[in-house]
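Student: Below is one structure. I have some questions about it.
The values are calculated or read from the model by the stated rules, or taken from the named source; none is laboratory data. Quantities reported herein were computed from a predicted structural model and do not represent experimental measurements. Using ideal geometry, Cβ is built from the backbone for each residue, glycine included, and neighbour counts are taken over all protein chains shown. Remember, those area values only see protein heavy atoms, side chains included, never the ligands or the DNA or RNA. Shrake-Rupley method; radii C 1.70, N 1.55, O 1.52, S 1.80 Å.
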Amino acid sequence: MWRVRTTSGGTTQGRGPGLALALVSACAFGGSGVAAKPLIEAGLDPLHVVWLRVAGAALVMLPLVWRHRSLVRTRPALLLGFGLLAVAGVQACYFAAISRIPVGVALLVEYLGPALLLGWVRFVQRRPVSRAAAVGVILAVGGLACVVEVWSGLGFDAFGLLLALGAACCQVGYFVLSDQGSADGDARPDPLGVIAYGLLVGAIVLTALTRPWTMDFSVLAGTAEMDGTEVAAPLLLSWVVLVATVAAYGTGVLAVRSLSPQVAGVVACLEAVVATVFAWILLGEHLSAPQVVGGLAVLAGAFIAQSATPVKAAPEPVTGSLPRPEGVGQGQRDEEGQRVEQAGSVE
């Protein structure tokens, strides 16, 4: 069940901080490409950059692996799923897809994730989906089509499209798994512990896939060019690891728990807009008019979606089927019913 905490005045608590965390996460994820692209152009293979990103983040989070070691016993499926889907799956499928189809097409297909997420919530979990969230998804996906200029290169490689769709499904797993345990109160798994183990699992899987021992490590000792400016490769790698991975995953998981998977998923579409703006400012990749219009559409879709409160199922009648005790007046019965109904709404 959706858990919505409200004040006595009826305003939803946590929406503001949750939205702020989602925006920070989108900005952090969106800035990864700007720092990674110079490293790739300097001679690193894209999959090796992915391995450096995940393995470096896992190393940073290693102290939390020991601190939350009890999660291995209490939540093994969650840790394994987060590592395979939210970390290794998204990264590996996306980078494999762009090797076969245009980047714009792969990015658009991957960000069908929020739409697939609504399908998961509605048809698998059988939970109501707010109309505003659905409208926000449609508007955001349409805007993404303009941001990535999908019409500029439609190379329909069937396997490439399948890989991009796999990245979208893994993205759904990221949001769904990030919300796991959020209704468990004090017993819910620590989000930083889940992220730490997810990165560790992802690093192990990506090590087998990318064979990092074949990487040209000398590139990391030099500099990389960012729009005509030489930048130290270790500085770029530090940004990719600390900001675009550790901070991005941390704020992203907390955002999902503060909002809902469906709302946070649409706000995450801002990542494509942020990536495009960063590329414009730092890499000299200018925005076209359709990209500007698409970015505004994504912003509008994210705003509409984040304003949506998850729909709760109507409570079943509690007192309606109870026989009226003899000697109890209708007013007293109504008062008791109100007390029961109020008690049922307390977490």
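Student: For the stretch 223-267, enumerate the residues that are within 30 Å of residue 122 (Cβ to Cβ), in contact with a Pro (Cβ under 8 Å, 6 or more places away or on another chain) and open to solvent by 20 Å² or more (accessible area, probe 1.4 Å).
Tutor: 254, 257, 258
Student: Would you mind listing the helices (runs of 4 or more DSSP H) fully within the stretch 23-83 where at least 1 residues are among the hydroxyl-bearing types (Ser, Thr, Tyr) and modelled with pLDDT of 90 or more?
Tutor: Hits in the stretch 23-83: 71-74.
Student: Another one. Scan the stretch 274-285 residue by residue and report those that are farther than 17 Å from residue 151 by Cα and either β-branched (Val, Ile, Thr) or without any contact (Cβ under 8 Å) to a residue 24 or more places away in the chain (or both).
Tutor: 274, 277, 280, 281, 285
Student: Loosely packed, with under 15 Cβ neighbours inside 10 Å and modelled with pLDDT of 75 or more: does that describe residue 293?
Tutor: yes
Student: Against the conditions (1) at pLDDT below 75; (2) aliphatic (A, V, I, L, M); (3) in a helix (DSSP H, G or I), where does residue 154 fall short? Just the number, please.
Tutor: Going through the list (1) at pLDDT below 75; (2) aliphatic (A, V, I, L, M); (3) in a helix (DSSP H, G or I), residue 154 breaks only (3).
Student: Please go through the stretch 281-290 and give me each residue that is under 18 Å from residue 27 (Cα atoms) and either in a helix (DSSP H, G or I) or at pLDDT 80 or above (or both), ordered by number.
Tutor: 281, 282, 283
Student: Residue 101 is checked against (1) part of a loop (DSSP other than H, G, I, E, B); (2) in contact (Cβ under 8 Å) with a residue 24 or more places away in the chain; (3) open to solvent by 50 Å² or more (accessible area, probe 1.4 Å) and fails just one. What number does that condition carry?
Tutor: Residue 101 satisfies every listed condition except (3).
Student: Out of the stretch 207-222, which residues are exposed (fewer than 13 other Cβ atoms within 10 Å of the Cβ) and aliphatic (A, V, I, L, M)?
Tutor: 208, 221
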